[in-house]
Each structure stands twice: as structure tokens, then as C-alpha cells.
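Read the structure below first, then the notes.
The values are calculated or read from the model by the stated rules, or taken from the named source; none is laboratory data. Quick caveat: nothing in here was measured; it's all calculated off a predicted structure. Neighbour counts run over all protein chains shown; Cβ positions are idealised from the backbone, glycine included. Just the protein is used for accessible areas: all its heavy atoms, side chains included, with ligands, DNA and RNA removed. Shrake-Rupley method; radii C 1.70, N 1.55, O 1.52, S 1.80 Å.
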Amino acid sequence: QSVGVPADPAHEVYREALSALSKAQIPFLVGGAFGLESYTGLVRRTKDLDLFVRPGDRMELMQRLSEAGFQTEWRFSHWLGKAHKDNRSIDVIFNSGNGVCTVDDAWFRHALPAEILGLHVEVVPAEEMLWSKAFVMERNRYDGGDIAHLLLARAAVLDWARLLFRFGVHWRVLFSHVVLFGF
């Protein structure tokens, strides 16, 4: 907690969810703003907590959140669930909206151990974070800024071969972000 910065009341709700899932030993990774902060040091207020989970673990994870007092729903059955409590939101992500970035075992093999909100968790690997964010280019949402921060902080240590493998036939999307970063 920074001096002079009031505590975010959402953090207690997020800690409660992270603790319940850790106690239940359901594998998950933290992404979004909290994950990005682990790599870049960039702190920003966020509207939710993003949790990434293998597709096969998504139902149990949502059940555990429900048992912990969260209201749960499948917002988009092919990639996204939501959990709500005290006007706070948690995204449960197991794929990307376009169906290209399925969470698989490699996400967990390459995860970064981190401390988030005072708890020991694992964070989405930088390569998979970049890969999944690269396709977010909508009228009301563009994650290019996050990608630029990731590249600034991690380009020298990224596993570029794995990143290119992840993009596969969509390599031009990665190329476009690298070109914009260079600009």
C-alpha cells in the first residue's frame, strides 16, 4: 500500500476469491492489470480481477467461487465466466473471445510466481499475456498499450520462439504490434 493512497475496497473481495481458490487447490493464473503490474511495475486501478484457467478446470473454479459467496454466470460460454460480489467483478477466462488463445498446460509451465494483494500466486506468462492481448482490438477496447509496456519491460527476455509458435498463422498480428512499438 502506497503512502497517501487509500485502500481499494475491491482488493478485499479479490483476496477472498484468491484465498478460496488457493485453498481449494484449483490451478489458476492471475492476468489483467495485476498480472501486467508484475512484469512492468505499472500500477493502475482496475475494474476487475482476471483469472485464467484451463478449460477443464473452469466449472470447478466457478463452483468454488459460488461456494465462497460469489454470484457466477457464463457470460460467453466459449471463453468467459463472471463472478460478482459486493459490486466487484472477477473474469474467469479459459480462451480468447476469438477462440485462438486457449489456456493450456504451457501457460502453467511458464507462469511467473508473484505476490499479488499479499498472496502468493502465479501470473500468466508474459508471452501468453502478450499473445492473448494482441487480438484485443475493438472499438471500445484496445490492449496495444499493454503490449507496448510488456515489450518495453520484457522484450530482451521474452521467449520469441514460443511467442511466434503461439501466433502461428496469425504472426502478422504480432508483427504489427512490434512495428508499432518500434514507432
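Can you list residues from other chains, or at least 5 along the same chain, whose modelled amide H is less than 5 Å from the amide H of LEU49?
For LEU49, whose amide H was placed from the backbone, the distant partners under 5 Å are SER89, ILE90, ASP91.
How large a share of the accessible area of region 55-183, in percent, is made up of carbon and sulfur atoms when the probe is 1.4 Å and the other protein chains stay in place?
For region 55-183, the apolar C and S fraction of the accessible surface comes to 55 percent.
Report the one residue of PRO125, ILE93, VAL103 whose Cα lies farthest in the direction of the positive end of the charge dipole of region 80-137 (charges on C-beta: Lys and Arg +1, Asp and Glu -1; origin at the Cα centre).
ILE93
Label region 131-183 by shape, choosing from rounded, prolate and oblate, from the square roots a ≥ b ≥ c of the eigenvalues of the Cα gyration tensor; if a/c is under 1.5 it is rounded, and otherwise prolate applies when a/b is larger than b/c, oblate when it is not.
Here region 131-183 falls in the oblate category.
Please list ASP105, ASP159, ASP91 in order of solvent-accessible area, largest first, computed with a 1.4 Å probe with all protein chains present.
ASP105, ASP159, ASP91
Could you pull the Rg and Dmax for region 88-180, using just the Cα atoms, both in Å?
That works out to 13.5, 40 Å for Rg and Dmax.
When only Cα pairs under 8 Å and 6 or more residues apart are kept, what is the percent relative contact order across region 21-72?
39
Summing -39500 (n - 2.57) over the DSSP H runs of n ≥ 4 in the chain and dividing by its residue number, what mean residue ellipticity at 222 nm do you reach, to the nearest 500 deg cm²/dmol?
Taking each H run of at least 4 residues, the total per residue is -12500 deg cm²/dmol.
Starting at the first residue of region 170-183, write each ³J(HN,Hα) from the Karplus equation 6.51 cos²θ - 1.76 cosθ + 1.60 with θ = phi - 60°, in whole Hz, x for Gly and Pro.
Calculated HN-Hα couplings, in order: 9, 4, 5, 5, 4, 4, 4, 5, 5, 4, 4, 4, x, 5 Hz.
Calculate the dipole size of the chain relative to its Cα centre from +1 charges on Lys and Arg beta carbons and -1 charges on Asp and Glu beta carbons; express the result in debye to the nearest 20.
360
First select every other residue whose beta carbon is under 12 angstrom from the beta carbon of VAL173; then total the charges, Lys and Arg +1, Asp and Glu -1.
+2
When Lys and Arg each count +1 and Asp and Glu each count -1, what net charge do the other residues less than 15 Å away from ARG88, Cβ to Cβ, add up to?
With Lys, Arg at +1 and Asp, Glu at -1, the net is -3.
In percent, what relative contact order does the chain have, based on Cα pairs under 8 Å that are 6 or more apart in sequence?
18
How large is ³J(HN,Hα) for each residue in region 43-54, as worked out from phi by the Karplus curve 6.51 cos²θ - 1.76 cosθ + 1.60 (θ = phi - 60°), to whole Hz, x for Gly and Pro?
So the J values, rounded to whole Hz, are 9, 8, 5, 10, 8, 7, 10, 9, 10, 10, 9, 4.
Using Cα pairs closer than 8 Å and at least 6 residues apart in sequence, work out the relative contact order for region 51-138, in percent.
22
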